[in-house]
1. At most 13 other Cβ atoms within 10 Å and a DSSP loop assignment: could you name the trypsin sites (Lys or Arg not before Pro) in the range 45-113 that fit?
2. When the accessible area of the range 66-111 is computed with all protein chains present and a 1.4 Å probe, what percentage of it is carbon and sulfur?
3. In whole Hz, with x marking every Gly and Pro, tabulate ³J(HN,Hα) for the range 80-95 from phi via Karplus 6.51 cos²θ - 1.76 cosθ + 1.60, θ = phi - 60°.
4. Give the cross-link partners of Lys56 among the lysines, using a straight C-alpha distance below 22 Å as the criterion and excluding same-chain residues fewer than 8 apart.
5. Would you mind calculating the gained length between Val69 and Asp30 on full extension (0.36 nm times residue separation, minus the Cα-Cα distance), in nm to one decimal?
Amino acid sequence: RALAGDSGGGDESAFAASGGGADVAAKLLDQQREAERQAERAAEQVKIDAEVADEKRLAGIFGRVMSAVEREQELEWKSRSMQPDEQAVDDELWGGPAPRPPSLFSNPREPPA
């Protein structure tokens, strides 16, 4: 196709003879490949971001469930503890309050020789 100021193709034949068309085609092909790689990277990043968002959402749900379970366990243990009147009867039966268990890590002993 000739442009308004074109002299009739003399420039095109010089361009083709110099191998400029192959260089332009190679550059365009490289540009297209780079654009495809960028699109693939962007698609992969979108996928990764979606996975991270799902994991954060699940972690939040898990945290709320674990907090509810911990509260239930605490209430269960509190309900198992003796009331003051029950504790007085128990102390009378056993001759006093239960002794504290020995501390495991405060006084380490030497192993036997």
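1. Loop-located and lightly packed - Arg109.
2. Working: 2780 of 4830 Å².
In the range 66-111, the share of accessible area belonging to carbon and sulfur is 58 percent.
3. My calculation for the range 80-95 gives 7, 5, 6, 6, x, 5, 5, 5, 5, 5, 4, 5, 5, 5, 9, x Hz in order.
4. By straight Cα distance, Lys56 reaches Lys47.
5. On the way: separation 39, 0.36 × 39 = 14.04 nm, distance 5.78 nm.
Full extension from Val69 to Asp30 adds 8.3 nm.
The values are calculated or read from the model by the stated rules, or taken from the named source; none is laboratory data. Predicted model, so just to flag it, every value in this text is computed and none were measured. As a convention, Cβ positions derive from the backbone with ideal geometry for all residues, glycine included, and neighbour counts pool all protein chains shown. Quick note on the areas: whole protein, heavy atoms, side chains included, nothing else; ligands and nucleic acids left out. Shrake-Rupley method; radii C 1.70, N 1.55, O 1.52, S 1.80 Å.
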